[in-house]
Structure formats: C-alpha cells, structure tokens
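Trainee: Sharing a structure below in structure tokens format, with a few things to ask.
What follows draws every value from the coordinates through simple rules; no lab data is involved. In this text the structure is predicted, and so the values were computed from the model without any measurement. Cβ sites come from the backbone with ideal geometry, for glycine too, and all protein chains shown count toward neighbours.
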Amino acid sequence: MCVLISCLKAWVTHWLSRNNEMWLRIICRRPHTRMISLMLLSFCYMIMLLPSYYHKADTLKSYTMAPSRIARLHNQTAQILAQRCRPNSSQVKLYARYPTKRLMQVPVFVEERGLPGSQDTLPYKPPYGFQGCEEQLQEILSMLPETGLPERLGPVGCRRCVVVGNGGILIGSKLGPYIDQHHIVIRMNNGPVVGYEQDVGSETTLRITYPEGASKTPIDYDPKSLFVAVIYKSADFAWLKAVVSKKPMTFAEKLWFWQSVVESIPLKVENFRIFNLDIIRETALNFLSYPDPHSSQWKWMKHPTLGVTSIITALHLRDEVNMAGFGYDMNQLHLPMHYYETVSMAAMNAQAMHDISLEKLFLLSLVTSGVVNDLTGGIN
C-alpha cells in the first residue's frame, strides 16, 4: 500500500509540475469550473501529504561499519589528499573518458546580467530552462545583491571540491575531518551537519536544494554557506521570493508543492543564489543521454538527481573532484537509505522520478576513469 501511495504521489507531482500553467488558466478563465478544479487540486494535495511509509524500522542503530573498512577508507582518502593538487585534472580525465562531450561554458548560477545560456536554450521549461518564467526570474534577480560566484571561490590556485551525498553509507565512516580539508564542500537538500560531524564533516560551502527538499531545521544552514535554489517548476519562484523577502506565501501558492516547505531560512539575502538550469539539462541530455524534453514522451521521463547534477556542477567549479555518500546497494534493502533518518533502502523501489541504475553506471565510469574519487566506495 505504501509503495502504491509513493508512486501515486510521484506521478501527481510530476504531472502538476508539467501542467500547472494549464490549471491556472482553467481556474482563472472558466469560473464555472473553478470549484471542480480546486477540488481536484486539493485531492492531489491530500494524496501527496499521505506518508509514504507507515512504519520505519530503526535501521540506524543496528548499522555499523567494520573497523577494517573504516581504516581502508581513511587510508585511501589520506593518500588522495596528501597528493599535490593538479590543475584541471578532473576535466582533463573527463574529456579523455568522453572525447565527444564537453562541459558547457556557462556559470553555475544565474547571474544578474540575465538569462543563462544561448538563445538555443531558452525554449526549455523548468527544470531544463526558464521558458515562461523570465519575468519571475528577473524579479528574483533584482532582489539579490550578489548573484555570481563569490571572490573567495574564484579561479585562484588549484582547489579540491567534495560533493557530499546523503547516503547511509556515510554512517560510521568517520570521514568528517577529511571532508573538511576540501576547499569547497557541496551538500544537497536537507542533509544535516550538526550531530553528524564525525562522519560528514562540519563545513558547507554550497547547499543545493529545491523547495520540498530544503531543511526546516535552522541549524542546518551555515551562515557562511551559499543557498543555491533549484527551480523545478514555475511555482518554485513564489517560494524563493518568500524566503528571500522573509514574507509568507499565500495559501494558493502553497498548493503547488507536494509536501510542506520551509518558509524561513536564517541566511542573509546575499547568501542566496539561483541554480543555472542549463547544468541540469547538460547532465540529462549530454551525460545521461536522456531524450530531449520536447519529445512527446517527455512527460513520462525521469529527471537527474541533484546528486549527479552536483557532481557535474563540481566539475564546472574545481580542479579536482571527490565525492562521498553516494551509492544505493539494492541488494541490501534493510540498510539505511540516508545517514540521518531511519527509512531503509527498500524505499528506493517506490520512487519513480530518477533512473538510479543509469546514474550509477555513469558515476562508475567517472570513478574508474579517475575523473572523480569515491571516498566512501559506494559506487564500486
């Protein structure tokens, strides 16, 4: 039953994200259907608020990492960090592995000068572009005093970046001190730091998230970090405007989210950035070889996870890229899916939005080619 509810939630969420403009036109232009439309939206909203799991086994308490494995991970990571940083090494190896593919020459954030990418990229709607959202985008950009990469993260010297996934494979790894030795630490969604420092580190440079994935816990937001908002649907702009301006959303605006979202983020306005959707499109079409979103079958296709998208982001930013907390072992369904909660790996079977197997093959190719180092060994 819980798997059925989860799949239904995923389908409703994806359908609404692709058709929210149509529903708005119906509600606004056809008064006699307004009540029916609102009832349907309310029904969908109620479905998406139902819990995906009725019982959560406390897998965290029973999960331990063997001392020999901890020692092996530490020795491997120490050797990697002890080596001299090699400028552009990850990109050089990426192009050697994929000779016909190149990273787009675009910034990772949408900058104040306007829409990212070339005119060829503008016809794409979120999450692959900003078509239909140009005015909303410009409005948010006008509210942000800084939109580009901070000077401290600029291209000065050779630097290392680590992308910290939320995988349960981090539990007991004690890799925190090694993670904190990187120049840039990228985290995703609501992956917490406080209370988990021993395994995941304490530093955060970028936290990349979408509205439903953003943490509701104030201590999860490092005042020195950048909050990078990812726009998956046009309604996400209303949320971003609310958290930047410190003003609440309307009830109607809240209906477009498949679960309750945080409305107050304890960061200064200069800490907010808008993620360049060209990079999601690049990840999906160029590296994962997904079909073009203009395809008639696109409404049923999957999106890349923020995890693999963040790996591509790191390749744009830094000379050497490492990752930790990646890898779902579907042969170990009793293990924890995330390092901070009790949901087991079996929950991955219920999700319908991502092609985990395809992404793992892609990440495996990056690891075996030396493009990215896997500090926790979950991909291999």
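Trainee: Subtract the Cα-Cα distance of Ala66 and Thr100 from 0.36 nm times their separation in residues, and report this length gain in nm to one decimal.
Mentor: Once the chain is fully extended between Ala66 and Thr100, it gains 8.1 nm.
Trainee: Students often check this: by mean Cβ neighbours within 10 Å, which of 355-367, 195-207 ranks highest, and how do the rest follow?
Mentor: Per-residue mean Cβ counts within 10 Å order the peptides as 195-207, 355-367.
Trainee: Can you tell me how much longer the chain between Ser365 and Ala82 gets when fully stretched, taken as 0.36 nm per residue apart minus their C-alpha distance, in nm with one decimal?
Mentor: Stretched fully, the Ser365-Ala82 segment lengthens by 99.5 nm.
Trainee: Apply the Debye scattering formula to the range 80-374, with a single equal point scatterer on each alpha-carbon and no solvent, then give log10 I(q)/I(0) at q = 0.07, 0.10, 0.11 Å⁻¹.
Mentor: Here log10 of I(q) over I(0) equals -0.25, -0.52, -0.65.
Trainee: How far apart, in nm, are two points set 7 Å out from the Cα along the Cα-to-Cβ line at Ile219 and at Met143?
Mentor: Output for this residue pair reads 2.9 nm.
Trainee: So, one more: Report the relative contact order of the range 80-374, percent, no decimals, based on alpha-carbon pairs under 8 angstrom and at least 6 residues apart.
Mentor: 26 percent
Trainee: Hey, if you drop one equal point scatterer on each alpha-carbon of the range 84-225 and run the Debye formula without solvent, what base-10 log of I(q)/I(0) do you get at q = 0.16 Å⁻¹?
Mentor: -1.14
Trainee: Obtain the nm distance between the two label points defined at Ser260 and Ser357 by a simple spin-label model: each point lies 7 Å from its Cα along the Cα-to-C-beta direction.
Mentor: With each label point 7 Å from Cα toward Cβ, the separation is 3.8 nm.
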